[in-house]
Structures are given as structure tokens and as C-alpha cells.
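Structure, as C-alpha cells:
Every number here is computed from the coordinates shown, using simple stated rules; none is lab data. Note that the structure is a prediction, hence the values are computed from the model and not measured. Reconstructed Cβ throughout: ideal geometry from the backbone, glycine too, with neighbour counts over all protein chains shown.
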Amino acid sequence: MSLNEVYSVLLKKKKESLDLLFEFLKIPSIAAQNLGEKASTNFLERIFGEAGFNCSTFETNGFAVFTAELNTDSDKTITFYDHYDVQPVNNELWESPPFEPTIRDGKIFARGVADNKGEIICRLQAIKAYRDVFGKIPVNIKFILEGEEEIGSLNLGYFVENNKEFVLGTDLCIWEFGGKDTEGIQNIYLGVKGCLYLELKTDTIGIDVHSGRTQFVDNAAYELTWALAVLKDRNDKILVPGFYDNIPEPTEEELLIIDNFNLKEEEMKKTYGIDKIRLGLSGVELKRKFFLEPTINICGVWSGYQGLGSKTIVPHEAFAKVDCRLVPGQNAKDIVEKIRKFWDNNGFSHIEITEWDGYEAVKTLPTNPLAQAVIQTVLEVSGHDPIVWPLAGGSGPMYLFPGVPCISIGTSNSQSNAHAPNENIYIDDWIEGMKTIATLIHE
């Protein structure tokens with residue numbers, strides 16, 4: 001018995017795997033439109049039940065969380081976190097119907113194939129093939145499949161709170177995203193940044209006023225933009241007292257990975273249509289800023305008249321949406337309180353924080369033995385050193401798994417178009433992903 005035999009089984013059962021994936025992809029499980037929950041959980045219960053897993057569906061106020069467990073009496077456990085919901089679609093922008101999976105040029109095109117249904121079937125099929133050859137899985141296996149990731153994992157926290165032993169009783173969690181870059185090199189993510197999202201409003205006067213009377217009243221648009229402007233300077237230094245508190249110093253190992261990381265600056269400039277990176281940064285300075293420093297960003301600002309022609313007014317209200325990407329050590333609630341205090345102390349108490357939501361950053365150190373095991377596995381299967389991201393640029397609910405090493409790998413490609421029309425993955429990458437999971441379980 002050998003891993004090569006497992007790889008052969010995966011190839012022999014390629015049609016079975018594709019059939020399962022296509023059946024799954026035909027379900028329009030769009031949480032944002034309240035579609036496809038029962039069809040998805042029924043499908044998952046069937047395929048995981050047939051594979052010998054103990055299955056459960058945990059009801060929430062939204063879409064249910066589906067779990068599957070394979071207890072092999074091992075002292076080690078691997079958990080897979082994925083989601084069965086997908087993004088909405090605009091049918092007119094697709095070359096083929098988004099919920100009718102189509103193969104073209106070695107790729108599968110369908111909504112959810114990259115994000116994230118392809119990963120679910122990939123991981124399940126790898127486990128089944130391994131068991132076909134070796135007879136028994138050497139580790140316990142758990143799957144946590146939520147149905148609201150694309151709308152902010154609204155009820156995942158409720159699930160975790162009521163199932164702590166199941167969620168936290170694991171040695172490693174393989175997360176739901178990842179893939180290859182433009183050069184075909186596999187990327188591994190050791191964590192995600194935290195996120196704080198603020199919705200802001202100010203109402204300075206009772207009604208819009210003729211702009212000829214601007215000397216007498218406070219302009220809501222100015223008041224809000226001034227409040228936003230004091231949050232950071234032109235060099236991106238955040239001016240809120242205590243904003244950088246509690247951020248730990250990076251380890252030597254982290255700095256080594258960051259300093260040697262290839263951010264592909266020229267490719268980035270071409271993609272964004274810019275001549276230079278903001279502030280003229282490059283090299284190590286840029287990489288350390290990206291991975292180690294938090295941000296404040298204005299997502300949108302609106303106020304006053306925005307229709308055709310002119311309307312000379314002083315607007316009475318203004319609105320904005322702001323996000324902060326947080327790094328390990330920062331707490332979303334603490335940051336909100338510090339922003340509130342800063343504004344109150346600087347004449348902006350009239351700026352309302354009407355709503356906020358946020359969560360913390362999570363990372364696994366590159367020296368963690370399980371991180372090293374994942375890195376070595378990808379090297380062994382792909383034949384090249386993977387690119388290791390200390391933190392992904394985006395955010396996600398990893399914070400709900402405290403103390404569990406969470407590492408993200410996947411089967412997407414640089415043009416997979418997740419969330420966009422013509423979402424796709426390469427079939428060969430998908431099969432390679434199965435080999436990676438089988439190898440990780442083995443080693």
C-alpha cells in the first residue's frame with residue numbers, strides 16, 4: 001500500500017468525483033437570496049453519510065451549519081472548514097449558465113466551483129480514496145460546513161458557542177481558500193487579518209439650507225470629512241491614540257518570511273493601473289507595512305445633492321462607511337472605543353457610529369510543526385516550494401477557532417474569478433488538491 005495507489009484511485013474515480021461536484025454545483029445555494037439551504041444540506045448529508053461519516057445539521061436563525069465526523073480512534077484530528085453558500089450571479093455576464101457546470105479548456109465553469117464547493121468535494125474524495133487503499137484513516141476527520149460565509153458568517157459564532165467541544169477539539173483546521181498564482185505556484189495562508197466595519201452619520205442642521213447662508217450653519221459634508229481626515233495623516237500613520245497598542249513584535253522567523261516574500265510589485269502595478277506603489281514604497285519596507293501594520297480605509301462617503309445639474313445647498317446630513325484591517329493583538333471593540341473617544345476629544349462628538357461589526361486577526365506561526373507539515377506536503381505533491389503568506393490580505397471567521405492552528409490551502413488559480421462571472425478551476429489542479437489532502441492525512 002502506498003500513496004501512489006491512492007493517487008491512482010483518485011484518477012480512476014475522476015468521473016465519480018466530477019459527477020458529485022456537478023450535482024452540488026447545480027444547487028443555487030445563495031444565502032443572500034435565501035436560496036438552496038435544504039437542498040444543500042440534504043445533498044451533504046447523503047454524500048457524507050454514504051462515506052461513513054456521522055452527520056448533523058445544526059439549525060440557526062439563518063442557514064444551517066452542517067457537520068460530519070469520522071472517528072477513527074486516533075489521538076489526532078484534522079478539521080476542514082468550508083461553506084456551501086455561493087455568491088449571487090448576473091446571468092448575462094456568464095459565457096455558460098452559472099448553475100449548469102461546463103467544462104472548457106480543462107476548466108470547470110460554474111458558480112461556487114472555486115468558492116467553495118470544489119474544495120468540499122475535493123477533500124471528501126481524497127479521504128475516500130485514502131480509505132479505499134489503506135483501509136483506515138490515520139486521523140479523526142471533522143467537517144464544518146456553514147451556509148452563510150458569503151454574507152458574513154452571521155450564525156457561525158452561535159454554532160461555535162453551542163458546539164465548543166466539537167469545534168475546538170482538533171489539532172489542525174484546514175481553511176477554505178487558496179490556490180495557485182500566475183506562475184502556477186501553490187500559495188499557503190497562515191492566517192487572516194481582522195476587520196472592523198463602521199457606518200457613520202452626522203446631522204448638523206434640521207434641513208438643507210441655501211448655500212448663500214453657509215456662514216450661519218455647519219455643513220454636514222465638511223464635518224464628516226474633517227472627522228475622517230483626522231484619523232490618519234498623509235503618510236498613513238493612524239493618529240487615534242492607542243491604535244497601535246498591544247500589537248506584538250514579529251518573531252525573527254516571521255520577519256524572514258516577510259522580507260523574502262515576493263509581493264510581485266510590477267504585476268500589482270499593472271493590475272491596478274498605477275505607475276508606483278502608494279508613498280513610493282517598495283521592497284522590505286512595503287512588505288512589512290502590508291503584513292504587519294493595521295489600516296483605516298474609507299469605503300464610501302455621500303452627502304447633499306448628487307442629481308443632474310446644480311442645486312446650491314448646505315447639506316444637513318452626511319454618511320460614510322469605513323473599514324479597518326486589524327493585525328494580531330488588536331481588538332475590534334477596543335478600536336471602536338478609541339475612535340469614539342478620539343472624536344469626542346477633538347470636537348467631533350456629533351459624528352454618530354450608527355453601526356459597527358468586527359473581529360480579530362488570527363495567525364499560525366510558520367515555526368508551528370503543523371504549519372511545517374502542510375508546507376512540506378504541498379512541496380512533496382506539487383514539486384515546488386509553496387509561497388507562504390503570514391497573513392492573507394482579507395479577513396474571515398478564523399477568530400472563532402481560538403487556539404486551533406488554521407491554515408488555508410485550496411485549488412483555485414489566479415484567474416478563478418471567485419465572486420465574479422465565469423468562476424472556474426482547472427480539473428488538474430483539483431485532482432492535485434485531492435492528492436495534497438491524502439498526503440497530509442498520511443503524513
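Numbers at a glance
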{"quantity": "Phi-based couplings in Hz for the range 5-11 (Karplus 6.51, -1.76, 1.60; Gly and Pro marked x)", "calculated": "5, 4, 4, 5, 4, 4, 6"}
{"quantity": "Average Cα contact separation per residue, the range 195-359, under 8 Å, 6 or more apart, as relative contact order %", "calculated": "47 percent"}
{"quantity": "Average Cα contact separation per residue, the chain, under 8 Å, 6 or more apart, as relative contact order %", "calculated": "25 percent"}
{"quantity": "Burial ranking of peptide ranges 157-167, 306-316, 72-82 (average Cβ count within 10 Å, highest at the top)", "calculated": "72-82, 157-167, 306-316"}
{"quantity": "Prolate/oblate/rounded label for the range 1-74 (Cα gyration tensor, a/c 1.5)", "calculated": "oblate"}
{"quantity": "Residues with amide H under 5 Å from that of Trp389, placed H, sequence gap 5 or more", "calculated": "Ile188, Tyr189, Leu190"}
{"quantity": "Alpha-carbon gyration tensor eigenvalues x 5, square-rooted, for the range 191-254, Å", "calculated": "39, 13, 9"}
{"quantity": "Most mobile of Asn331, Asn71, Asn91 in a GNM of the chain (Cα contacts under 10 Å)", "calculated": "Asn91"}
{"quantity": "Cα centroid separation - the range 1-54 against the range 386-443, whole Å", "calculated": "17 Å"}
{"quantity": "Whether the chain is rounded, prolate or oblate, judged on the alpha carbon gyration tensor where a/c under 1.5 counts as rounded", "calculated": "prolate"}
{"quantity": "Of Lys237/Lys269; Lys128/Lys435; Lys136/Lys164; Lys232/Lys363, pairs whose Cα-Cα distance is over 18 Å", "calculated": "Lys237/Lys269; Lys136/Lys164; Lys232/Lys363"}
{"quantity": "Relative contact order computed over the range 1-150 (Cα-Cα under 8 Å; 6+ residues apart), in percent", "calculated": "36 percent"}
{"quantity": "Peptide ranges 139-152, 220-233 listed from the most packed, as the mean C-beta count within 10 angstrom indicates", "calculated": "139-152, 220-233"}
{"quantity": "Calculated [θ] (222 nm, deg cm²/dmol) that DSSP helices of n ≥ 4 give over the chain, each run adding -39,500 (n - 2.57)", "calculated": "-10000 deg cm²/dmol"}
{"quantity": "Cα-based helix-to-principal-axis angle, 14-25 vs the chain, degrees rounded to 10", "calculated": "30 degrees"}
